[in-house]
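> What follows is a structure written as structure tokens; I'll ask about it next.
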Amino acid sequence: MQTTANTSRPGGSVWTDPKVRAWVFQIIAVIAIVALGWFLFDNTQTNLEKRGITSGFSFLNNSAGFGIAQHLIDYTESDSYGRVFLVGLLNTLLVSVIGIVLATLLGFLLGVARLSPNWLVRKLATVYIEIFRNIPPLLQILFWYFAVMLTLPGPRQSHAVLESFFLNSRGLYMPAPVPTDAFSVFLGAVVVAIIGSILFARWSRARFEATGKLFPISLGVIPLLIVLPALAVLIAGNPVSWSVPELTGFNFRGGWVLIPELMALTLALTIYTAAFIAENVRSGIQAVNHGQTEAARSLGLPGGKTLRLVIIPQAMRVIIPPLTSQYLNLAKNSSLAAGIGYPDMVSLFAGTVLNQTGQAIEVIAITMSVYLAISISISMLMNWYNKRIALIER
Amino acid sequence: MQTHTFKPDLPPPALSVGVVGWLRANLFSSWFNSLLTLFAAYLVWLILPPLIQWAFINADWVGETRADCTSGGACWVFIQQRFGQFMYGFYPSELRWRVDLTLWLAIIGAAPLFIPQMVRKGLYGLAFLVVYPVVAYWLLHGGSFGLEVVPTSRWGGLMLTLVIAAVGIAGALPLGVLLALGRRSDMPAIRVICVTFIEFWRGVPLITVLFMSSVMLPLFLPEGMSFDKLMRALIGVILFQSAYIAEVVRGGLQAIPKGQYEAAAAMGLGYWRMMGLVILPQAMKLVIPGIVNTFISLFKDTSLVIIIGLFDLLNSIKQATTDPAWLGMATEGYVFAALVFWIFCFGMSRYSVHLERKLDTGHKR
């Protein structure tokens, strides 16, 4: 295809002309696709009519009538299926975001440990990676849920830390901050401190570029970030009061709770994905030529700066593309929540709602487009970042 | 003339050789490293002894019921009692020899392909790929030549996992190669179709694909035409996996220098012969490790059929742990499942690394 299509031969029959053939093939292909689409559409129409299912998205306004264990927005049983969709979407996004953050941290740590000069640390990281990336994520989720979370003691015997964190078979209960009247003052102080730090960093950089004098940014920023909010607390009082969970009857009340499904899912996805990220990080660091380190040292850069200014920027170029696909995998693997009943997009929408309404096509189409949208946005974000740090060549 | 005789070399300092030297170089080279070593050793001490205690020392190995598990460690009696179900699912026990025979035929049939001295490997491989699936289907499903029919609803356990993985890769590979060729095609319509197809399947999770194939496929098909559950899952797996194979193969196609295409065209080869005789043989060789890696992820993904109610290895174990006679065996069950999956996946990934080394003939530029 690379080269044959552009040469037309005068004198041959029309059929031997590559251009004509290309056109014919494409027309046939398009006709075949359209025909297949029509065939499926026609069948679906007939089947739907026969089963008495009316297609369309009006079911989204109907009342759902079932409860959901975890909802980030207000939800009651009388809310609509459209609301259920939002709840599921937010729960999916919650798991994905927590998982991505934790897996990145653990993955980078393990990736660096894998290259450590310390034999024991290196071997431990290798063992971790080889064990966890070769076990299916769904199996890990089921393990954490059925073999760990559900076998924890009941609320009355829960493991307590500092009398404010409680771990039992119903989840992890922790104190929740409740904003008081002084909260807005505190927030204002923090915002002012952040803006001040940015301005200070800019000034320091401008001065460094103009005069070459180095003023350590941390020396100005850290006091600013500590002193201003502390002043706000001293003047206006405590910005938050803590709502500590308390055992009343058979369960805890107050505070925040992480439901066991969420914990099992996050743990499994983090542990699984971190193993892959660690390998990406290792290969990225190894891809940076050792000459770069030597060159940086011979320019007089100290160890930390060598790492920060020379090694990491170059390693990131290698790490980012596979890291993107790991993030995508994690977001897609969060759909395995259906295996343990965490109320995510798939188990709520493609599970419960589909069973209740029977609107298979609409429900699956909505679910798939959500994941397509998530995938596309993550890859666009990472592509933008990748382009920013990419090597600019002549 | 004065002759110089050298004194023998002094031995290296005792602290830099032997065990002590190794320890100093690898574990205690700086204060930070020493701290790390102590921390890591503490971690190992925290995890390993209780694990060994649980899995081996305190474990119960023989018995028949749950009551035989008395020592407080792992109760491997559970695995031992349910082993048949984990391997074969609900396949009738007197017919299980058919599954064993299918597996042995696969091993014996494929063995010559791994002998380097074998002649006409390609031809043999092709014949094997054509003949074996027919024989395997006949043996597993039965229905003709006097074999009793075993419907796919009774298949299960590790056997079902292997069937899904094997059929999945066998179906996805040819489709994936065609898609990769289509994506690299000069014809815009073909390219658009292939890119859309590939990106669509790569953007959605397998779980939604399985849901789709189990609830939407019956709607798509004309009246009277229907597939059983396993077939529907297989169609979903093949379509999904072919998109990933296509991307792997495309990488191989892109790695072939343009000169190869030009040389093939200059020889007067048409498109299919150029691809079949010149480009694909080189490209496929480059992507074999990638395909093995895709296969590993496919193998792990087979566990997702639990969602649509097929009884693969994982689901068999999950069901067995909810059996009232064996309540509280979830840990043993999942550890066993993890071990089986791990052995397969780790073995394949080692094989992939080995292939990468063996096939690295320096084509890259």
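The values are calculated or read from the model by the stated rules, or taken from the named source; none is laboratory data. Predicted, not measured: the structure shown is a model, and the values here were computed from it. Glycine also receives a Cβ, built like all others from the backbone with ideal geometry; neighbour counts cover every protein chain displayed. Keep in mind that these areas ignore ligands, DNA and RNA; they rest on the heavy atoms of the full protein, side chains included. Shrake-Rupley method; radii C 1.70, N 1.55, O 1.52, S 1.80 Å.
> log₁₀ I(q)/I(0) of region B:1-108 at q = 0.19, 0.22 Å⁻¹, via Debye over equal Cα point scatterers, no solvent, to two decimals?
Debye intensities relative to I(0), on a log10 scale: -1.02, -1.13.
> Is the shape of region B:172-243 best called rounded, prolate or oblate, per the rule: a/c under 1.5 gives rounded, else a/b larger than b/c gives prolate, else oblate, with a ≥ b ≥ c the square roots of the Cα gyration tensor eigenvalues?
On the way: a/c = 2.27, a/b = 1.92, b/c = 1.18.
Since a/c reaches 1.5 and a/b is larger than b/c, the shape of region B:172-243 is classed as prolate.
> Per-residue counts of other Cβ atoms within 10 Å, averaged by peptide: what ranking do you get for B:200-209, A:316-325, B:251-260, highest first? Could you put the intermediate results ahead of the total?
Values: B:200-209: 22.0, A:316-325: 18.3, B:251-260: 14.3.
Going by the mean number of other Cβ atoms within 10 Å, highest first, we get B:200-209, A:316-325, B:251-260.
> Using unit Cβ charges (K, R positive; D, E negative) and no other charged atoms, how large, in debye to the nearest 20, is the dipole of region B:61-219 about its Cα centre?
It works out to roughly 460 debye.
> Can I ask one more? Give me a single rounded figure for A:260-271: the average over its residues of other chain Cβ atoms within 10 Å of their Cβ.
For this peptide, the per-residue mean of nearby foreign Cβ atoms is 0.
> Now for a different question. Averaged over all directions, how much area does the convex hull of the C-alpha atoms of region B:133-220 cover when projected, in nm²?
For region B:133-220, the mean projected area of the Cα convex hull comes to 8.0 nm².
> Chain A: percent of C-alpha pairs farther apart than 37 Å?
On the way: 37197 of 77421 pairs.
Beyond 37 Å sits 48 percent of the P(r) for chain A.
> So, for region B:1-147, what is the accessible surface per residue at a probe of 1.4 Å, expressed in square angstrom?
Here the residues of region B:1-147 average 73 Å² of exposed surface.
> Which helices count as membrane-span-like in chain B under these terms: full DSSP H, at least 30 Å along the axis by C-alpha, Kyte-Doolittle mean of -1.0 or more?
Numbers: long enough: B:31-52 (31 Å, 1.71); B:157-183 (37 Å, 2.00); B:229-255 (40 Å, 0.98); B:330-359 (43 Å, 0.66).
Answer set is B:31-52, B:157-183, B:229-255, B:330-359.
> Can you give the mean number of other chain Cβ atoms that lie within 10 Å of the Cβ atoms in peptide B:296-308?
Working: counts 2, 3, 0, 2, 8, 4, 2, 8, 8, 1, 6, 9, 0.
Per residue, the average neighbour count from other chains is 4.
> Of A:129, A:33, A:141, which has the largest mean-square fluctuation in a 10 Å C-alpha GNM of chain A?
Top of the fluctuation ranking is A:33.
> Which whole-number percent of Cα pairs in the protein assembly as shown have a distance greater than 53 Å?
Tail of P(r) above 53 Å: 22 percent of Cα pairs.
> Hey, in chain B, which Cys have no second cysteine's beta-carbon closer than 4.7 Å?
That list is B:194, B:345.
> Under the √(5λ) rule applied to the eigenvalues of the Cα gyration tensor, what semi-axes describe the equivalent ellipsoid of region A:66-108? Give them in Å, descending.
On the way: eigenvalues 163, 13, 7 Å².
Sorted largest first and rounded, they come to 29, 8, 6 Å.
> Can you tell me the dipole magnitude for region A:163-261 around its Cα centre, using point charges on the Cβ only (Lys, Arg +1; Asp, Glu -1), in Debye to the nearest 20?
It works out to roughly 480 debye.
> Rounded to the nearest 100 Å², what's the accessible area chains A and B bury against each other, both chains counted, probe 1.4 Å?
Numbers: alone 24040 and 22370 Å², together 41230 Å².
Using a 1.4 Å probe on protein heavy atoms, the buried area is about 5200 Å².
> Classify region A:124-171 as rounded, prolate or oblate, taking a ≥ b ≥ c as the square roots of the eigenvalues of its Cα gyration tensor: rounded when a/c is under 1.5, otherwise prolate if a/b is larger than b/c and oblate if not.
Oblate.
> What residues in region A:354-368 lose 30 Å² or more of accessible surface when the other protein chains are added to their chain alone (1.4 Å probe)?
SASA drop of 30 Å² or more in region A:354-368: A:360, A:361, A:364, A:368.
> Right, something else. Considering only A:168, A:61, A:329, give the residue with the highest GNM mean-square fluctuation for chain A, with springs between Cα atoms whenever their separation is below 10 Å.
Looking only at A:168, A:61, A:329, the biggest GNM fluctuation is shown by A:61.
> So what are the ³J(HN,Hα) numbers for region A:296-307, from phi and the Karplus equation (6.51, -1.76, 1.60; θ = phi - 60°), rounded to whole Hz, Gly and Pro as x?
Once rounded to whole Hz, the list reads 4, 5, 6, 7, x, 6, x, x, x, 6, 4, 5.
> If each of residue B:105 and residue A:256 carries a label point 7 Å out from its Cα toward its Cβ, how far apart are those two points in nm?
5.8 nm
> I need the semi-axes of the equivalent ellipsoid of region A:95-213: take the C-alpha gyration tensor, multiply each eigenvalue by 5, square-root it, list largest first in whole angstrom.
After scaling each eigenvalue by five and taking roots: 39, 30, 13 Å.
> Moving on. Give me the distance in nm between label points sitting 7 Å out from Cα along the Cα-to-Cβ direction at residue A:297 and residue B:141, one decimal.
6.6 nm
> Packing-wise, with mean Cβ within 10 Å as the measure, how do B:165-178, B:2-15 rank, highest first? All intermediate terms of the calculation are to be shown ahead of the outcome.
Working: B:165-178: 19.2, B:2-15: 6.4.
Ranked by mean Cβ neighbours within 10 Å, highest first: B:165-178, B:2-15.
> Find the Rg to Rh ratio for chain B, where Rh is the Kirkwood radius over alpha-carbon pairs and Rg uses the same atoms.
Taking Rh as the inverse mean 1/r over Cα pairs, Rg/Rh reads 1.10.
> Sticking with this structure for a sec: Hey, what's the Kirkwood Rh for region A:145-191 if you take every pair of different alpha carbons, in angstrom?
Mean inverse Cα-Cα distance, inverted, gives 13.0 Å.
> I would also like to ask the following. Per q in 0.12, 0.14, 0.22, 0.24 1/Å, what log10 I(q)/I(0) does a Debye calculation on the alpha-carbon atoms of region B:76-171 return?
Debye output, listed in q order: -0.46, -0.60, -1.15, -1.28.
> Can I ask one more? Roughly how many percent of the accessible protein surface of the protein assembly as shown is carbon and sulfur, given a 1.4 Å probe and a whole-percent answer?
Of the solvent-accessible surface of the protein assembly as shown, carbon and sulfur hold 68 percent.
> Using a 10 Å cut-off around each Cβ of peptide B:185-191, what is the average number of partner chain Cβ atoms that fall inside?
That works out to 6 on average.
> Also, I was wondering about something else. Sort region A:230-289 into rounded, prolate or oblate with this rule: let a ≥ b ≥ c be the square roots of the eigenvalues of the Cα gyration tensor; rounded if a/c is under 1.5, and if a/c is not under 1.5, prolate when a/b is larger than b/c, oblate otherwise.
Verdict is oblate for region A:230-289.
> Follow-up question, since we're still on this one. Could you tally the net charge around residue A:366, taking each other residue with its Cβ under 15 Å from the Cβ of residue A:366, Lys/Arg +1 and Asp/Glu -1?
That works out to -1.
> I'd like to compare A:269-278, B:281-290: which one has the highest average count of other Cβ atoms within 10 Å, and what's the full order after that?
Numbers: A:269-278: 24.8, B:281-290: 17.7.
The densest-packed peptide leads the list: A:269-278, B:281-290.
> Considering the dipole of the protein assembly as shown built from charges on the beta carbon (Lys and Arg +1, Asp and Glu -1) around the Cα centre, which of B:43, A:162, B:214 is farthest to its positive end?
Highest projection toward the positive end goes to B:43.
> Explain nothing, just compute: Karplus ³J(HN,Hα) = 6.51 cos²θ - 1.76 cosθ + 1.60, θ = phi - 60°, for every residue of region A:376-384 in order, whole Hz, x for Gly and Pro.
Each residue of region A:376-384 in turn: 5, 5, 4, 6, 5, 4, 5, 5, 4 Hz.
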